[in-house]
Amino acid sequence: MLILAIHETPSLTQERYEQVVRRLTGKDRIRSQSDLPFDGLLVHAAGQGPTGFCVFDIFESEEAVERFRSAMGTIPQEVGIEEPPRFFEAHSAMSVAL
């Protein structure tokens, strides 16, 4: 079962997102699965939308979501992101090469 995660809240800004990425990976951007300290993230996209900064992820399973949560720990709260992402089961998904 694929799990979608959407993170778009007032406390999520591009600057805070970049702080999380640096603390989690030691890099400025996530470019590949090997940048991450956990397995199971299939798709990751982040960008500025009309109502604020937004992050969209697709995880391969609930177990992958748990690995993500474990790796993230308290990093989001430490940089000022107050609300967690919303997670829900994907009805359908497809992938194309970028």
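Could you say whether any residue in segment 3-14 is acidic (Asp, Glu) and under 19 Å from Phe88 (Cβ atoms)?
Yes, segment 3-14 has at least one match.
Scan segment 61-72 and tell me whether some residue there is farther than 26 Å from His91 by Cβ, surrounded by fewer than 15 Cβ atoms within 10 Å (Cβ to Cβ) and not hydrophobic (A, V, I, L, M, F, W, C).
Yes, that holds for at least one residue.
Restricting attention to segment 17-30, which residues are on the phi < 0 side of the Ramachandran plot and either exposed (fewer than 13 other Cβ atoms within 10 Å of the Cβ) or touching a His at 6+ places or on another chain (Cβ under 7 Å) (or both)?
Residues satisfying the conditions are Lys27, Asp28, Arg29, Ile30.
Using the structure shown, decide if Asp57 is in contact (Cβ under 8 Å) with a residue 12 or more places away in the chain and either basic (Lys, Arg) or open to solvent by 50 Å² or more (accessible area, probe 1.4 Å) (or both).
On the way: in contact (Cβ under 8 Å) with a residue 12 or more places away in the chain: yes; either basic (Lys, Arg) or open to solvent by 50 Å² or more (accessible area, probe 1.4 Å) (or both): no.
The answer is no for Asp57.
Which of the following residues is open to solvent by 60 Å² or more (accessible area, probe 1.4 Å) and in contact with a Cys (Cβ under 9 Å, 6 or more places away or on another chain): Gln48, Gln77, Gln33, Gln14? Show your work before the answer.
Details: Gln77 fails: in contact with a Cys (Cβ under 9 Å, 6 or more places away or on another chain); Gln33 fails: in contact with a Cys (Cβ under 9 Å, 6 or more places away or on another chain); Gln14 fails: in contact with a Cys (Cβ under 9 Å, 6 or more places away or on another chain).
Unique residue meeting the criteria: Gln48.
The values are calculated or read from the model by the stated rules, or taken from the named source; none is laboratory data. Please read these numbers as outputs of a predicted model, since none were measured by experiment. Glycine also receives a Cβ, built like all others from the backbone with ideal geometry; neighbour counts cover every protein chain displayed. With ligands, DNA and RNA removed, areas are computed over all heavy atoms of the protein, side chains included. Shrake-Rupley method; radii C 1.70, N 1.55, O 1.52, S 1.80 Å.
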